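The values are calculated or read from the model by the stated rules, or taken from the named source; none is laboratory data. Computed from a prediction, not measured in an experiment: that's the story for all the values here. Heads up, the Cβs are rebuilt from the backbone with ideal geometry, glycines too, and the neighbour counts pull from every protein chain shown. Each accessible area value is taken on the protein alone, full model and side chains, heavy atoms only, with ligands, DNA and RNA left out. Shrake-Rupley method; radii C 1.70, N 1.55, O 1.52, S 1.80 Å.
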Amino acid sequence: MALRGSHRLEVFLRRCTSSPSFISHGPNRMSSQLSTKGDHPNSSGNSGHHQHNGGQNESGWRRLVRFFVPFSLGAAVSAVAFKRDDLTPSIAASKMTGRRRDFNFIADVVAGCADSVVYIEIKDTRHFDYFSGQPITASNGSGFIIEQNGLILTNAHVVINKPHTMVQVRLSDGRTFPATIEDVDQTSDLATLRIQVNNLSVMRLGKSSTLRSGEWVVALGSPLALSNTVTAGVISSTQRASQELGLRNRDINYLQTDAAITFGNSGGPLVNLDGEAIGVNSMKVTAGISFAIPIDYVKVFLERAAERRRKGSTYKTGYPVKRYMGITMLTLTPDILFELKSRSQNMPSNLTHGVLVWKVIVGSPAHSGGLQPGDIVTHINKKEIKNSSDVYDALADNSKNLDIVILRGVKQMHVSITPEDP
């Protein structure tokens, strides 16, 4: 509007310049005309002259009014508009300053507890790297420190049933220490390690009994050997019974979450927004469906482990040694099968039972025999496999080789595996 007023000013000045009566005589001539009219109100000789000058004066004032009123209003409105903060992009953008600090609650959680998360490597003492001469990594996992004197919590399947191996722990600051296995409970899939170092950052343990579906959680760990990795999601269910997952002899109600948990995340903490561990990452079925062991169940295991240590017992008496194949598996229950079929088009519609191979350890008999993550085991030595217990029974058999029927996508295949003796 101010620009429009400026244009009118230019037009007005051009008109005034072209008007000789207004420019030559000016306001003084107008006042003298008015005074003459007042002194001789009845003079007829000058009446026409006065009327003529009055018309010119009236025309000049109209021009002034026509210019100054719109121009003044336009300038006033423009001034008010430019003073409004919400109409100025630069000022509105400045209001967003501080949002990273105020709303990045996931980053706040990670900053408070990431130092207590460790990376666990299982080293094969029979095979060495050609360049470094160090044992190669057979598998990896995650864990977290629960005592300042070096006690670490992780999953049992991360550290046991791997013959001719040693456990190595890398802290968040890069320091590496050899670890010894203190306690193992295969039923709950929990284990503790010990490294010889003190004054470590400790993860606080929360309460899984107070969790609600929909709560934000953060999964920390080392998926695919990428240490110090963070994913976030919500609690999908707080009461996923082990029977629903096809896990026999386990009286555990797992936590289900959609936070991404993949290879190497096993044993890492599932943390609430208070920075407390409320679960131990355990297994993944498919994208958006993962499970963790509730921390309340973990506390019971830790109490029993502390009692065993006081009595002088070791973990080696806690579980029977089995033949080694080198896989992590999950029973395909009807509910899990339904989820898999609804999420993937490569799942055969006539599949009713089997065991999903979740992870294959590099260099293991399963890896050498050709098993891959995502394969579904349906038969071993011509016997139907309906759950993970059937696989353990096949390993306990005296058969030297295992003839395994698998589904890889929609294709049926046969592989032969020779398990290692303990």
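The figure for Asp390 is an accessible area of roughly 40 square angstrom, using a 1.4 Å probe on the protein chains alone. Residues Phe105, Phe131, Phe291, ordered by accessible area of protein heavy atoms at a 1.4 angstrom probe radius and largest first, appear as Phe131, Phe105, Phe291. Comparing Leu211, Gln239, Phe177 along the charge dipole axis of segment 168-243, the residue lying farthest to the positive side is Leu211, per the Cβ-charge model.
For the ranges 278-284, 337-343, what's the packing order if you count other beta-carbon atoms within 10 Å of each residue, average per peptide, and put the highest first? Please report the intermediate quantities before stating the final value.
Details: 278-284: 26.6, 337-343: 14.3.
Listed from highest to lowest mean packing, they are 278-284, 337-343.
So between Phe131 and Asn346, what do we pick up on full extension, going 0.36 nm a residue minus the alpha carbon distance? Display every interim value, and only then the final one.
Details: separation 215, 0.36 × 215 = 77.40 nm, distance 4.12 nm.
Full-extension gain reported as 73.3 nm.
The figure for Tyr119 is an accessible area of roughly 10 square angstrom, using a 1.4 Å probe on the protein chains alone.
How much net charge surrounds Thr231 when only other residues with a Cβ under 12 Å from its Cβ are counted (Lys, Arg +1; Asp, Glu -1)? It would help to have the intermediate numbers written out before the result.
Working: positive: Lys284; negative: Asp258.
So the surrounding residues net to 0.
For segment 273-394, the square roots of the Cα gyration tensor eigenvalues, ordered a ≥ b ≥ c, give a/c of at least 1.5 with a/b no greater than b/c, which places it in the oblate category. Toward the positive end of the charge dipole of segment 109-249, about the Cα centre and with charges on Cβ (Lys, Arg +1; Asp, Glu -1), which of His127, Val117, Val230 goes farthest? Farthest towards the positive pole: Val230.
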